Amino acid sequence: NAGVTQTPKFRILKIGQSMTLQCTQDMNHNYMYWYRQDPGMGLKLIYYSVGAGITDKGEVPNGYNVSRSTTEDFPLRLELAAPSQTSVYFCASSIPGQGTEAFFGQGTRLTVV
Amino acid sequence: KNEVEQSPQNLTAQEGEFITINCSYSVGISALHWLQQHPGGGIVSLFMLSSGKKKHGRLIATINIQEKHSSLHITASHPRDSAVYICAALWNFGNEKLTFGTGTRLTIIP
C-alpha cells in the first residue's frame with residue numbers, strides 16, 4: 001500500500017497565483033486532514049473531512065478551500081497566494097475511534113514570493 | 001483553551017543514553033499520539049495511548065491521566081533516533097482533531 005501520497009513535494013508560487021495540493025490515500029480511511037507546519041509552531045489544522053462530500057474548517061482555514069468528492073482524494077486549493085501561506089503542508093488520514101493511528105503524507109514545502 | 005506543551009525543545013545526547021521527552025496538556029483528553037518527524041520532513045506515528053504504557057522496540061510511551069502528562073522514552077539511543085518528536089492530544093474520539101505540541105528536536109551524537 002502507498003499510504004498517503006501528497007504532490008508536489010516542493011513549489012514556489014508568486015503572490016496572487018493559485019494552486020492545488022493533491023492528497024490521495026489508498027487505505028479507505030474516512031477521515032482526512034490538512035495541516036500546516038510553521039517554524040517553531042505545532043501543526044495547525046486547516047480543513048478536515050469525515051467522509052466523501054463532507055468537509056469542515058479547522059483552526060486556520062482562511063485563504064484555503066477543499067473538496068472531498070471521493071474517499072481517496074482530498075485536494076487543498078490555495079487561491080490568491082500570500083507570503084503568509086509559506087509553510088510546509090501535511091495531509092493525513094485516519095479511521096475514527098479508539099486505538100487508531102494517523103497516517104501522514106510526506107509534506108509539501110510551499111514558498112510564496 | 002486546549003493546549004499541549006512539550007519539553008525540552010531541544011535535546012542533545014551521546015549515543016547509548018536514556019532519553020526522556022515530556023508532554024503535558026491542559027485538560028482531559030481521550031488519547032495522546034507520539035509522532036516522529038524525520039530530518040527529511042516525513043511524519044510517522046509511533047504510539048497512540050489512552051492509559052498506562054506502550055512499548056515498541058527501544059521506544060516506551062507512558063501516560064498519567066490524573067497528572068495530564070505523558071513521556072516518551074528511548075533506551076540505548078542511537079544516531080538514527082535523531083529526529084523531531086511531537087506529541088498530539090486527541091480531545092474527543094469521533095471528531096479525531098488533534099492539537100499538536102511544538103516538538104522536541106533530538107540529536108544523538110555518536
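The values are calculated or read from the model by the stated rules, or taken from the named source; none is laboratory data. These numbers were taken from a predicted model, which means no experiment stands behind them. Every residue, glycine among them, receives a Cβ derived from its backbone with ideal geometry; neighbour counts consider all protein chains shown.
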Inset, instruction - Go through (1) of a type in the set (S, T, N, Q); (2) within 23 Å of A:PHE90 (Cα to Cα); (3) modelled with pLDDT of 95 or more and name the single condition B:SER45 misses. - result: (3)
Inset, instruction - Give the residue that is surrounded by the most Cβ atoms within 10 Å (Cβ to Cβ), with candidates limited to residues of segment A:10-39 that are β-branched (Val, Ile, Thr) and assigned to a strand (DSSP E or B). - result: A:THR24
Legend entry - Any chance A:SER69 is surrounded by 13 or more Cβ atoms within 10 Å (Cβ to Cβ), under 18 Å from A:VAL4 (Cβ atoms) and not β-branched (Val, Ile, Thr): no
Legend entry - Residues of segment B:66-110 satisfying the condition of being aromatic (Phe, Trp, Tyr) and at pLDDT 95 or above: B:TYR85
Inset, instruction - Identify, by number, the condition in (1) surrounded by fewer than 21 Cβ atoms within 10 Å (Cβ to Cβ); (2) facing another protein chain (nearest Cβ under 10 Å); (3) of a type in the set (Gly, Ala, Ser) that B:GLY103 doesn't meet. - result: (1)
Inset, instruction - Kindly establish whether A:GLY63 is more than 11 Å from chain B (Cβ to nearest Cβ) and modelled with pLDDT under 95. - result: no
Inset, instruction - Among the strands (runs of 3 or more DSSP E) lying completely within segment B:1-98, list those that include at least 3 residues that are closer than 22 Å to A:PHE104 by Cβ. - result: B:4-7, B:19-25, B:31-37, B:43-49, B:59-64, B:69-74, B:83-90
Inset, instruction - Looking at (1) closer than 24 Å to A:GLY16 by Cβ; (2) within 11 Å of another protein chain (Cβ to nearest Cβ), find the lone condition where A:THR86 falls short. - result: (2)
Inset, instruction - Would you check if A:GLY63 is surrounded by 13 or more Cβ atoms within 10 Å (Cβ to Cβ) and under 29 Å from B:SER51 (Cα atoms)? - result: no
Inset, instruction - Being buried (at least 18 other Cβ atoms within 10 Å of the Cβ) and more than 12 Å from chain A (Cβ to nearest Cβ) narrows it down to one of B:LEU59, B:LEU98, so name that one. - result: B:LEU59
Inset, instruction - Residues being within 13 Å of the chain's Cα centre (by Cα) and surrounded by fewer than 16 Cβ atoms within 10 Å (Cβ to Cβ): count how many of those fall in segment B:21-53. - result: 3
Inset, instruction - Please determine, by comparing only the residues of segment A:8-60 that are among the hydroxyl-bearing types (Ser, Thr, Tyr) and within 14 Å of another protein chain (Cβ to nearest Cβ), which one is farthest from B:VAL44 (Cα to Cα). - result: A:THR55
Inset, instruction - Would you check which residues across segment B:62-95 are among the polar types (S, T, N, Q), within 14 Å of another protein chain (Cβ to nearest Cβ) and free of Cβ contacts under 8 Å to residues at least 24 places away in the same chain and list them? - result: B:ASN95
